[in-house]
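Nothing in this text is a laboratory measurement; each read-out follows from the coordinates by a stated rule. Quantities reported herein were computed from a predicted structural model and do not represent experimental measurements. Note that we place each Cβ from the backbone using ideal geometry, even for glycine, and neighbour counts take in every protein chain shown.
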Amino acid sequence: MRSRDADRRLAAPIAPLLAKEIREITAGRALWTMLLLVCPLVGYSFAQAVSLYSESSSAALQSPVLARSLSPLDGILVPTFGSFYVAVTLLFPFVAIRVLGQEKETGALRLLVQLPYRHSTLVLVKLCAVLAGWLMVSVPALSALAMWAVLGGHLAAPETLNLLFGHLLYGLLVGGIGLLAATISDSSATAAIVALAVTIGSWVLDFTLAGRSGWSAWFAQLSLTRTLRPFEEGLLSAGLVLGIAVVISGLTALTIIWLPPGSHRRTRFARSVACLFMIVLALGAAAQARKSLDVSEDRRNSFSAADERLLATLRLPLVITVNLAPEDPRYIDLRRNVLAKLERAMPDVAVVLAGARQNAASSPDAYGQIEYVYGNRNDVSRSTSPREILPLLYALAGAQPPVPGSGEDYPGYPLIASANASLLWFFGGLPLLIALAWWRIRRPATKPYLIGKGAKS
Amino acid sequence: MPAPQPFPDGSVPLLHVANLTKLYGRDELAIERVMFSVQAGEILGIIGPNGAGKTTVLEAIAGLLPVNSGEVFWRGEPLKIADRRNSLFYLPDGVHPYRDQTAWQVLSFVARVFRRSDAEVRATIEALGLQPVLGKRVHELSKGYARRLILSLGLLAPHELLLMDEPFDGFDLRQIREIIGVLRGQTAYGRTLILCIHQLADAERICDRFILLSAGRVRGIGGLADLRAQTGLATGSLEDIFLALT
């Protein structure tokens, strides 16, 4: 019965481990309960979004100008996936915790860590199972996309895929938090408290520190909620993607450090500190990646193509000194409409925020001024509109403003439709299918061919 | 650290445990300077009452519990914690792995990990009488079948040394005899076993040698004859010897 072949221990196959992890995640109630809860949540959001979109469309169908403001990304996709985001934040940690928590509670982890897999392999396979879990719970949201297409709605592939990618990264981030929480906690209940403290605490951080400056602004950047916003605005930012990848890798590395039960607590703490240091360094490096792609169909994050081409040729450093407080709505306008676009279009742009509230009190005339220095020339403006700022910049650079291109205008996609019938799917059909799938998986397995007759006890 | 001494027949111990000490917290001593050796092919019983430190010894050897001091040697060479799972396999007590999966799924998972053939899996299932419950989920198994399932995982592991914590827990007398036969069969294939047993009568039936553990300390080591000689109880049972030494 026993083989002396030591080779068996050297390279254990990954497939049975992955199959076991997926069986574990699908055997638990957490996944199915979440799926059943996501159905009405996403369905209601989708129906509401379609209803509001249709109301706006009825006026827009008469006016091409109004129609241009109707984007399915803003009107349908973001609100529908917004409810999915809430579900992932509040419920997905339970699914991820199940992947490891159950093994800790039943003692199976002590068997698992003795199997011929590296600890990193064990954790990465668990992360794959978490990914599989996320794919399953995203089925209702994905079916909403299909429903929108069936209703005749427009879907632009780049911005839709970008949004899905953002949610996938967010799901992995929450899953990583859940896995780490399960590893450092003694029980699944404690792990759930730890994971929710991070995800909900992140919301609180975002709400309370929104619009603040200085350290508060820096802390607000740490909020998980912030990670999805660029994706919702149709922006694929290399720095953000790298940053999220670093955090997911960091959470995975910390899980690997805390997984083996045989290592000393002191060793684990020392390794964790080193790991956190590496994460901070890597995040710093990721923040240097400024490249981003505007994948929105209406190119809301970019100037016109002609302007972008011309701005890309302006090689000298542009220094913009803004005398506005960061919470000032004018600054928020300026950042969205001009600064963010300039940073993407020009090779060397530096923005200096010089206008705190105390400065506004001491020099009220200077407050609101925005100074542009290009090479050895400078100019001042108070405008936050690109229509005034771009000509100013071209004048500073001695460049001729480009001729506006034709056919670049976003047409908008107004649609009058009713999603009431889709409620039947989200409140009836899909939950029924999920319940059936759950029952099918819970059903006693088919007897393996090895089973013979005869009981011994 | 004391190097492992050869056995009287000149053979190097398969496993040598030197001065293992484990403290829980700052001053709660679980085991203190535990030292013993295991010969290839033997069944060594670590016996003692509940709380004697038996499980702590096994988990420390398996590398699943950090110790304060002490070392483990494999064939005379120090065995690093990271390498222990390559040499030995530990079956903990009270484990119900993957409660929502069927016994067959758990068994076939371990069999596939260790690349066991169908014939080997079938032989293990038959040896432990698991056929009637293969389709049942682990949480539905009786205590006896759950224990058989855990034992089957150990038998499927290809390691030379198996550490088992309370392998007879949950079995009646007839079943214990049956399992003893299975474990004895394992030594015939050259496998070595270290068993933690708190029932002295069971230990006496299966073990070649004994380590008597009480309050975290080794009180006696040897075969039944050695221990009888050591205590002067010429016809004493293991129970009498244990009481005399502790």
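Annotations for the structure displayed:
- Degrees, to the nearest 10: B:173-188 long Cα axis against longest axis of chain B: 80
- GNM result for chain B, Cα springs below 10 Å: residue of B:Gly216, B:Gly129, B:Gly48 fluctuating most strongly: B:Gly129
- Counting only alpha carbon atoms, the long axis of helix A:265-287 and the longest principal axis of chain A meet at about 30°.
- Restricting attention to the protein assembly as shown, close to 60% of DSSP beta bridges with both partner residues there are antiparallel.
- Structure-based [θ]222 nm, chain B - -39500 (n - 2.57) summed over DSSP H runs of at least 4, per residue, nearest 500: -10500 deg cm²/dmol
- Overall form of region B:142-220 per C-alpha gyration tensor (a/c, 1.5; a/b vs b/c): oblate
- Normalised by residue count, region A:1-141 yields a Cα convex hull volume of 131 Å³ per residue.
- Over the C-alpha atoms of region A:95-224, the Rg to Rh ratio, Rh being the Kirkwood estimate, stands at 1.08.
- Counted over chain B, the DSSP beta bridges are approximately 55% antiparallel.
- From least to most packed, judged by other beta carbons within 10 angstrom and beginning with the fewest, B:Asp27, B:Asp165 follow the order B:Asp27, B:Asp165.
- Spin-label model, A:Trp203/A:Leu18: points 7 Å from Cα along the beta carbon direction are separated by 3.5 nm.
- When both region A:391-444 and region A:11-52 are represented by their alpha-carbon centers, they are found 22 Å apart.
- Average Cα contact separation per residue, region A:305-397, under 8 Å, 6 or more apart, as relative contact order %: 34
- Taking other C-beta atoms within 10 angstrom as a stand-in for reagent exposure, B:Lys80, B:Lys136 fall in the order B:Lys80, B:Lys136, fewest first.
- Tensor-based shape of the protein assembly as shown (alpha-carbon gyration tensor, a/c under 1.5 rounded, otherwise prolate or oblate): prolate
- Calculated mean residue ellipticity, 222 nm, chain A: -19500 deg cm²/dmol, from DSSP H runs (n ≥ 4) at -39500 (n - 2.57) each, averaged per residue and rounded to 500.
- Computed over chain B: relative contact order in percent, which uses C-alpha pairs under 8 Å that are six or more apart: 25
- Ordered from longest to shortest, the equivalent ellipsoid semi-axes for region A:305-397 are 23, 13, 11 Å, each the square root of 5 times a Cα gyration tensor eigenvalue.
- Over 30 Å between alpha carbons, listed pairs A:Lys126/A:Lys291; A:Lys104/B:Lys80; A:Lys126/B:Lys136; A:Lys20/B:Lys22; A:Lys104/B:Lys143; A:Lys126/A:Lys341: A:Lys126/A:Lys291; A:Lys20/B:Lys22; A:Lys126/A:Lys341
- Convex hull volume of region B:4-118 per residue (C-alpha atoms, cubic angstrom): 152
- The angle between the Cα long axis of helix A:119-137 and the longest principal axis of the Cα atoms of chain A comes to about 70 degrees, rounded to the nearest 10.
- Cβ-Cβ distance of A:Cys128 and A:Leu276, R₀ of 22 Å, FRET efficiency by 1/(1 + (r/R0)^6): the value works out to about 0.35.
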